[in-house]
1. Say whether the condition of being without any contact (Cβ under 8 Å) to a residue 40 or more places away in the chain and over 27 Å from residue 138 (Cβ atoms) is met by at least one residue in the stretch 72-92.
2. Of the residues in the stretch 166-189, how many are under 23 Å from residue 95 (Cα atoms) and either touching a Gly at 6+ places or on another chain (Cβ under 6 Å) or surrounded by 13 or more Cβ atoms within 10 Å (Cβ to Cβ) (or both)?
3. For the stretch 190-215, enumerate the residues that are touching a residue at least 24 places away in the same chain (Cβ under 8 Å), open to solvent by less than 60 Å² (accessible area, probe 1.4 Å) and out of contact with any helix residue (DSSP H, G or I) (no Cβ under 7 Å at 6 or more places or on another chain).
4. From the set of residues in the stretch 128-146 that are assigned to a helix (DSSP H, G or I) and open to solvent by 20 Å² or more (accessible area, probe 1.4 Å), which is farthest from residue 93 (Cα to Cα)?
5. Residues that are in contact with a Cys (Cβ under 8 Å, 6 or more places away or on another chain) and either modelled with pLDDT under 80 or of a type in the set (A, V, I, L, M, F, W, C) (or both): does the stretch 219-228 have at least one?
Amino acid sequence: MRPALARGLAGARPGPAALPALAVALLVAVAACRSEVAADLDADEAGEVVAALERNGIGAARGPQPGTAGRFAITVPAADAARGRDVLRAEELPRSRRPLEAALLGGCGLVPTEAEERARIAAAVAADLGRTLERVRGVVSAQVHIALPPPARFAALGAPASAPAAPDRRPTASVLLKVRLEPGGGVPLAAADARRLVAAAVDGLAPADVSVVTVPAAPLPPPRSTAAAEAAGPLSLPPGSAAPVRVALVALSLVVAALGGLLVLCALHIRRLRRRSAPP
């Protein structure tokens, strides 16, 4: 009787194809609970996005971007997806800025002229200063523009010999800061500090020749209300989160029902084997 019973139990076990199907069902149920809010980011950009979302009470997760090595995607709970996108829009993230190497190496000619070289250096320094100013807490974005005067020998070309010598022109700069105002209405970075920082990075630039304009950034979206709750069976959930939980519960119920059905089939099969192997 034991060999026959063992063979019957072996035949009653579910096939290996059933396990991947159950795993896929669970993965689909879990994935339905999260939404992607940013993609194709490098490690620094992804970390900045995750930090901004978590500062605003949104649980963010960083994962690899499918099919792209070294790139990442950011996901948040499905109930927080809309607010997460609003937060990133208000924080102007992820930042789209031309890399410093492009400003240094770009150009049309094989050998750049002196004017082109000066323009590239000014653009590269301005981009680097913008990134430095954005590291100050409360500064959402910073744009720096630097105007370098042409060399004196180029400014004198074409001028009449009897013309008086042109006064030496000085470099100038302008800075646009978008800031998140502090609770008392103050700004996180004083204009005088921004002038000193920019002037110190450009040869011959005086703080008095740096113009700084500070404007408030777009307001952050309000926190998600938790007053009202949605029901998903016996659970009381925040608004907007009941649908993905229902999907997960339905998937889990299907898995439990499938396993219960397999157990019933095994029990019936064992009963039939016992009847056949019983002596007459």
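1. Scanning the stretch 72-92 turns up at least one residue that is without any contact (Cβ under 8 Å) to a residue 40 or more places away in the chain and over 27 Å from residue 138 (Cβ atoms).
2. Total meeting the criteria: 12.
3. Selection gives 204, 209, 215.
4. 128
5. No: zero hits.
The values are calculated or read from the model by the stated rules, or taken from the named source; none is laboratory data. Just so we're clear, the structure is a prediction, and the values are computed from it rather than from any experiment. Quick reminder, even Gly has a Cβ in these numbers, built from the backbone with ideal geometry, and neighbours come from all protein chains shown. What goes into the accessible areas is simple: the full protein's heavy atoms, side chains included, and nothing from ligands, DNA or RNA. Shrake-Rupley method; radii C 1.70, N 1.55, O 1.52, S 1.80 Å.
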